[in-house]
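Contents: one structure, followed by commentary.
No value in this document is a laboratory result; all are computed from the given coordinates. Given the structure is predicted, the values throughout are model-derived calculations rather than measurements. Cβ placement follows ideal geometry from the backbone for every residue including glycine, while neighbour counts extend to all protein chains displayed.
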Amino acid sequence: MQLKSNVLSRGNRYALILVDMCVGFTNPALSPLASDADNVVAANQQLLAFFRERSWPVFFTTVAYSDESQATVFREKLPALNVLQVGSGLEEIDARLTPRQNEPVLVKHWASGFFATDLHDRLQAAGVDGTVVTGLTTSGCVRATALDSLQYNYRTLVPREAVSDRDAAAHEANLRDLGIKYVDVLSLEETLRFLA
């Protein structure tokens with residue numbers, strides 16, 4: 001039986017959270033974790049322009065490891081993560097989405113942008129009650145961040161074109177599940193119209 005879910009009402013102030021839009025996930029020539037993400041980059045460029053025009057908060061996350069003790073079980077499960085070393089260049093945000101000076105890049109070691117970071121504190125300081133979660137990958141770090149966003153009681157939007165996954169079936173399944181239970185999954189156009 002299909003669960004009935006509601007569309008969330010509009011929040012007062014939104015932040016854009018770009019999850020792991022770093023070279024290690026956007027450049028398949030350099031990293032086994034990456035996929036063809038040109039369309040996702042383009043969608044995020046539109047969202048960045050929208051948020052920047054309004055001086056709304058923007059946060060980036062990236063994954064980078066500096067020693068063997070960090071996230072050992074996660075890295076055992078997914079050894080490809082080991083390429084994301086501090087100083088490798090793979091942890092750098094894709095140059096097409098270069099953060100501005102007032103747009104923090106939060107380094108994380110696990111899937112969620114909230115786990116073991118100060119993202120929630122930063123959102124609270126910015127007076128945010130809603131988030132737009134984008135990036136890579138849908139079934140992994142995007143899902144974990146979007147779910148934690150809800151669990152911190154933020155009204156959460158995920159724009160369909162602004163996220164992607166190496167596995168198309170996982171992408172669709174996770175967007176469907178997120179949309180039923182946790183967040184609003186909208187098209188990019190619907191997201192921009194909703195926020196405007």
(request) Pick out which of Asp36, Asp121, Asp148 has the largest mean-square fluctuation in a Gaussian network model of the chain, springs linking Cα atoms closer than 10 Å. (result) Asp121
(request) Taking log10 I(q)/I(0) by the Debye sum over Cα atoms at q = 0.09, 0.13, 0.16 Å⁻¹ as the quantity of interest, determine which of (i) -0.43, -0.82, -1.09; (ii) -0.30, -0.63, -0.98; (iii) -0.38, -0.78, -1.12 was computed from the displayed structure. (result) (ii)
(request) For Lys4, list the lysines whose Cα falls under 17 Å from its own Cα; do not include residues on the same chain fewer than 8 positions away. (result) Lys181
(message) Under 10 Å, Cα contacts only: if you run a Gaussian network model on the chain, which one of Ile17, Ile93, Ile180 comes out with the highest mean-square fluctuation?
(response) Ile180
(request) Treating only the Cβ atoms of Lys and Arg (+1) and Asp and Glu (-1) as charged, compute the dipole magnitude of the chain about its Cα centre; round to the nearest 20 debye. (result) 600
(request) Calculate the dipole size of segment 27-78 relative to its Cα centre from +1 charges on Lys and Arg beta carbons and -1 charges on Asp and Glu beta carbons; express the result in debye to the nearest 20. (result) 200
(message) If each DSSP helix of 4+ residues adds -39,500 (n - 2.57) and the sum is divided by the residues in the chain, what number results at 222 nm, nearest 500 deg cm²/dmol?
(response) -9500 deg cm²/dmol
(request) Neighbouring Cβ atoms within 10 Å as the yardstick, rank Val158, Val183, Val73, Val19 fewest first. (result) Val73, Val183, Val158, Val19
(request) Work out the FRET efficiency for Asp36 and Asn82 from their Cβ-Cβ distance, taking R0 = 25 Å, and round it to the nearest 0.05. (result) 0.65
(request) Provide the gained length on full extension for the span Glu53 to Ala126, in nm with one decimal, where the gain is 0.36 nm per separating residue minus the Cα-Cα distance. (result) 24.6 nm
(message) Using the Karplus curve 6.51 cos²θ - 1.76 cosθ + 1.60 with θ = phi - 60°, what ³J(HN,Hα) values do you get for each residue of segment 40-57, in whole Hz, with x for Gly and Pro?
(response) 5, 4, 4, 5, 5, 4, 5, 5, 4, 4, 4, 5, 5, 4, 9, 6, 8, x
(request) Give the residue from Leu84, Val185, Ala29 lying farthest towards the positive end of the charge dipole for segment 14-195; charges sit on Cβ (+1 for Lys and Arg, -1 for Asp and Glu) and the dipole is referred to the Cα centre. (result) Val185
(request) Please find, in a Gaussian network model of the chain (springs between Cα atoms separated by less than 10 Å), the residue of Ala144, Ala162, Ala116 whose mean-square fluctuation is greatest. (result) Ala116
